[in-house]
1. Among residues other than D105 whose Cβ falls under 15 Å from its Cβ, what is the net charge (Lys/Arg +1, Asp/Glu -1)?
2. Just the number please: accessible area per residue for the stretch 19-170, 1.4 Å probe, all protein chains included, in Å².
3. What FRET efficiency, computed as 1/(1 + (r/R0)^6) with R0 = 22 Å and r the Cβ-Cβ distance, is obtained for K41 and A75, rounded to the nearest 0.05?
4. If I model a spin label at K59 and N117 as a point 7 Å from the Cα along the Cα→Cβ vector, what separation in nanometres do I get?
5. Which lysines have a Cα lying under 20 Å from the Cα of K89, excluding residues fewer than 8 positions away in the same chain?
6. Separation between the A156 and A90 pseudo-spin-labels, each 7 Å from Cα along Cα→Cβ, expressed in nm?
7. Of all accessible surface on the stretch 48-160 at a 1.4 Å probe, what whole percent is carbon and sulfur?
8. Of all DSSP beta bridges located in the stretch 90-163, what percent are antiparallel, nearest 5?
Amino acid sequence: MSRHVRAGASLMLILGLTTASVAGAQSESGLAAGVKAPIVKVNDLDGKPVDLGQWIGKKPVFFEFWATWCENCEALLPQIKTAYATHGKAVEFIAVNVTVNQNPDRVRRYMAEHGINYRVLYDDQAASVRAYQAPATSYIVILDRTGKVTYTGVGADQHFEAALARVAGG
């Protein structure tokens, strides 16, 4: 993917930050509940491709599209860490860094400083941002074990616990 295409995708994401739905509301854009989630490859922090198909359709998955500079993401972090502590054995937690004004070292530092110990991917090709129609950072998508979307939301004040408990079997 060319630098110009990546820059365009980044600009679309930044513009989405200004048009995202009200914090905590069901996302008006992004994937619709009940649709089958796309399976794409996203790089890890070392630049190696990770196939999301190893989890999607096999176990529940929790995605957050985030950035180190995202205030909504930081506000969500305690809630996500609690959810991971409760459901991390039954649900695959994946934080997808959108890479706008990011680099892998900055992401690693942030993870260490904030005690993030679930899987973090680095979407430098914007593959999952496009596939999941991420309207903004702090976008959360929860998939059931069949790979269908059961929850989407954006903002600092989301109420995903019930959906997460349902897909986790609790």
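1. -1
2. 44 Å²
3. 0.15
4. In this crude label model, K59 to N117 measures out at 1.6 nm.
5. Leaving aside lysines fewer than 8 places away in the same chain, those within reach of K89 are K58, K59, K81, K148.
6. In this crude label model, A156 to A90 measures out at 3.0 nm.
7. Details: 2160 of 4510 Å².
On the stretch 48-160, the fraction of accessible area on carbon and sulfur atoms equals 48 percent.
8. About 50 percent, rounded to the nearest 5.
The values are calculated or read from the model by the stated rules, or taken from the named source; none is laboratory data. The structure presented is a predicted model; accordingly, all values stated were derived computationally and were not measured. Reconstructed Cβ throughout: ideal geometry from the backbone, glycine too, with neighbour counts over all protein chains shown. Just the protein is used for accessible areas: all its heavy atoms, side chains included, with ligands, DNA and RNA removed. Shrake-Rupley method; radii C 1.70, N 1.55, O 1.52, S 1.80 Å.
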